[in-house]
1. How much FRET efficiency would the formula 1/(1 + (r/R0)^6) give for A19 and R90, where r is the Cβ-Cβ distance and R0 is 22 Å, rounded to 0.05?
2. Distance cut-off 24 Å, Cα to Cα: go down the list K62/K83; K11/K87; K18/K73; K48/K73; K17/K83; K66/K87 and report the pairs above it.
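Rule-based calculations on the coordinates, nothing more; no lab input. Keep in mind the model is a prediction, meaning the values are calculated, not measured. Cβ atoms come from the backbone with ideal geometry, glycine included; neighbour counts cover every protein chain shown.
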Amino acid sequence: MDNYKLTKRSKLRELYKKAIENRKNAQGIVKRQRSAYNYYIQELLTKKWATVKQNGEKLLSKEMFKIIASQWKDTENMTRYNKLHIKDGRRFESDIERYY
């Protein structure tokens, strides 16, 4: 089973590299798969920026990312973000196979 995943992943990686090399314009390129951490950051950043703007605080993005990263380490409910990551992986694979 692990062998199958590796061969499929390497096949997708090769197809993606070919797509980047052969691209004529940016419209034909497939967006890469997002990680669970990317989904987590996107959700929290929108919430944090809204509260920071509402309260009138000034918070540097560096500080905000430190806070979010420490919360990610403590997050016990990562399954939601992992499900989003897996779903996006399926989308990525189907897009690669469809376009290239």
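1. On the way: r = 18 Å, r/R0 = 0.81.
Efficiency at R0 = 22 Å is approximately 0.75.
2. Working: K62/K83 28 Å; K11/K87 19 Å; K18/K73 36 Å; K48/K73 17 Å; K17/K83 26 Å; K66/K87 27 Å.
From K62/K83; K11/K87; K18/K73; K48/K73; K17/K83; K66/K87, over 24 Å: K62/K83; K18/K73; K17/K83; K66/K87.
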